[in-house]
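Structure first, commentary second.
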Amino acid sequence: MAIRDRLSGNEAVARAIKQVEPDVLAAYPITPSTEVPQYFSTYVANGEVKTEFVAVESEHSAMSACIGAAAAGGRAVTITSACGLALMWELLYVASSMRLPIMMPVINRALSGPININNDHSDSMGARDSGWIQLYAENNQETYDNYFIGMRIAEHPDVLLPVMSCQDGFITSHALENIDLLENDVVKKFVGTYNGKATLFGPEYPASVGPYDTPFFYMEHKYQQVDAIRKTKKVILDVFKEFGELTGRKYGLFEEYKCEDAERVIVIMNSSAGTAKATADKLRAKGEKVGVLKLRVFRPFPKDELAAALSKFKAVAVLDKADSFSDCGGPMYNDIRSACYDLAQRPKLINFIYGLGGRDVHDDNFTFVFDELKKVVAGEAVEAYRYLGIRE
């Protein structure tokens with residue numbers, strides 16, 4: 001039976017980690033993720049978990065500790081944000097190339113500079129090509145659920161890749177919401193037991209850990225990661241289905257909201273999806289055919305599924321909370337545009353960069369976007385890539 005509670009997004013993550021009780025949690029504090037290891041250290045101090053809590057001297061060391069723990073066959077977890085994720089940069093690639101199912105909640109925050117501690121997606125988007133699976137959450141309930149879902153995906157024998165479970169800093173991480181918690185025995189059964197085979201302490205499956213990879217083998221090892229990422233999509237859908245049957249909360253690679261007969265659609269991720277949905281409701285009440293598509297899984301990128309879904313619409317605005325500085329649009333827009341390129345009937349696509357550094361986004365902003373899409377449908381020329389709500 002579900003347990004109703006009121007928790008912040010950070011506390012929901014800490015509670016989820018507590019219920020799984022990993023072997024090792026290594027972390028270094030950085031706003032706005034600091035609360036998660038702070039909560040968890042209290043569980044450790046009170047003897048509520050047997051997890052080895054490692055207070056390290058930097059985020060680089062936190063990921064190093066997790067790599068060592070996972071290579072030894074243990075469940076390893078860390079938590080970070082922004083510059084902390086950037087300091088792990090080298091080791092993100094090490095973790096994924098070694099096929100270590102490390103779980104890392106990322107509390108999204110703008111990267112310096114100038115220094116900013118508020119929300120955007122520049123941290124996790126900057127790490128999008130590091131070989132990690134990336135899940136995104138609109139609210140605290142999804143944040144809580146994604147932890148268990150992510151762990152099941154990471155540890156699947158066809159996957160064995162690390163997972164980032166992302167939520168918006170302060171917006172969901174510090175805001176209180178009512179959520180349904182799972183009972184401990186239900187969590188334990190769903191997540192199961194991790195049995196790493198090729199580990200430092202598994203002589204029956206000998207493996208080299210951290211070797212130099214010569215040009216003769218390197219490309220084949222990279223292709224193995226590509227193959228694993230491709231297989232991940234089916235595993236993700238299977239885990240979503242099982243979680244839905246267990247809890248009644250049904251998830252997919254993306255969520256379509258009021259899209260059945262929509263002509264104009266916004267594509268967005270994380271907490272701002274809620275405001276976009278509310279705006280769509282207001283415009284629907286006026287008879288406008290608008291909808292919202294919320295992307296939940298960014299890596300692996302669901303290119304075929306997204307292209308099929310978007311082909312139904314006349315005009316689509318992709319909203320990125322990070323820029324790629326290519327002058328060709330944000331990272332999500334570029335992937336979506338590429339996915340739609342070969343469609344026989346593709347929607348007209350435009351891109352807005354929004355919310356950088358925690359800039360508020362309101363229903364007026366989304367109304368403006370839907371109005372711009374109306375111009376696109378009418379054949380009017382509009383800028384394909386621009387900033388939303390910028391003061392000129």
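The values are calculated or read from the model by the stated rules, or taken from the named source; none is laboratory data. Bear in mind the structure is a predicted one, so any value in this text is a computation, not a measurement. Cβ atoms come from the backbone with ideal geometry, glycine included; neighbour counts cover every protein chain shown.
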Among (1) crowded, with 17+ Cβ neighbours inside 10 Å; (2) in contact with a Leu (Cβ under 8 Å, 6 or more places away or on another chain); (3) under 23 Å from Lys289 (Cβ atoms), Glu372 falls short only on (2)
Check whether at least one residue in the stretch 146-156 is more than 13 Å from the chain's Cα centre (by Cα) and either assigned to a loop (DSSP other than H, G, I, E, B) or without any contact (Cβ under 8 Å) to a residue 24 or more places away in the chain (or both), and report yes or no. yes
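One line per residue, one yes/no per condition, for (1) out of contact with any strand residue (DSSP E or B) (no Cβ under 9 Å at 6 or more places or on another chain); (2) within 30 Å of Asp360 (Cα to Cα):
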site: Val20; (1), (2): no, no
site: Ser33; (1), (2): no, yes
site: Tyr39; (1), (2): yes, yes
site: Ala45; (1), (2): no, no
site: Ser64; (1), (2): no, no
site: Ala82; (1), (2): no, yes
site: Leu91; (1), (2): yes, no
site: Met104; (1), (2): no, yes
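Any residue at all in the stretch 283-306 that's over 22 Å from Thr232 (Cα atoms), touching a Phe, Trp or Tyr at 6+ places or on another chain (Cβ under 8 Å) and either charged (D, E, K, R) or not assigned by TED's automatic domain parsing to the domain that holds Phe368 (or both)? Spell out the reasoning first.
Kept after step one, since they are over 22 Å from Thr232 (Cα atoms), are these residues of the stretch 283-306: 283-292.
Remaining after also requiring touching a Phe, Trp or Tyr at 6+ places or on another chain (Cβ under 8 Å): 283, 288, 290-292.
Going one step further and asking which of them are either charged (D, E, K, R) or not assigned by TED's automatic domain parsing to the domain that holds Phe368 (or both), we end up with 288.
Checked against the condition, which is being over 22 Å from Thr232 (Cα atoms), touching a Phe, Trp or Tyr at 6+ places or on another chain (Cβ under 8 Å) and either charged (D, E, K, R) or not assigned by TED's automatic domain parsing to the domain that holds Phe368 (or both), the stretch 283-306 yields at least one hit.
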Only one of Val191, Val187, Val163 that is surrounded by 23 or more Cβ atoms within 10 Å (Cβ to Cβ) and not polar (S, T, N, Q): Val163
Find all pairs meeting these conditions: Cβ atoms under 7 angstrom apart; at least six residues apart or on different chains; first residue within the stretch 255-279 and in the same structural domain as Lys312 (by TED's automatic domain parsing); second residue among the hydroxyl-bearing types (Ser, Thr, Tyr) and outside any strand (DSSP E or B). Ser271/Thr172; Thr279/Thr367
Being hydrophobic (A, V, I, L, M, F, W, C), at pLDDT 95 or above and in contact with a Lys or Arg (Cβ under 8 Å, 6 or more places away or on another chain), is that true of even one residue in the stretch 211-219? no
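Out of the stretch 34-69, which residues are closer than 24 Å to Asp120 by Cβ and either touching a helix residue (DSSP H, G or I) at 6+ places or on another chain (Cβ under 7 Å) or surrounded by fewer than 20 Cβ atoms within 10 Å (Cβ to Cβ) (or both)?
Selection gives Thr34, Glu35, Val36, Gln38, Ser58, Glu59, His60, Met63.
Please go through the stretch 278-293 and pick out each residue that is among the acidic types (Asp, Glu) and under 15 Å from Phe313 (Cβ atoms). Reasoning before the result, please.
Let us first name the residues in the stretch 278-293 that are among the acidic types (Asp, Glu), namely 281, 288.
Passing the criteria: only Glu288.
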Considering only residues of the stretch 339-369 that are of a type in the set (Phe, Trp, Tyr) and not in a loop (DSSP other than H, G, I, E, B), which is surrounded by the fewest Cβ atoms within 10 Å (Cβ to Cβ)? Phe368
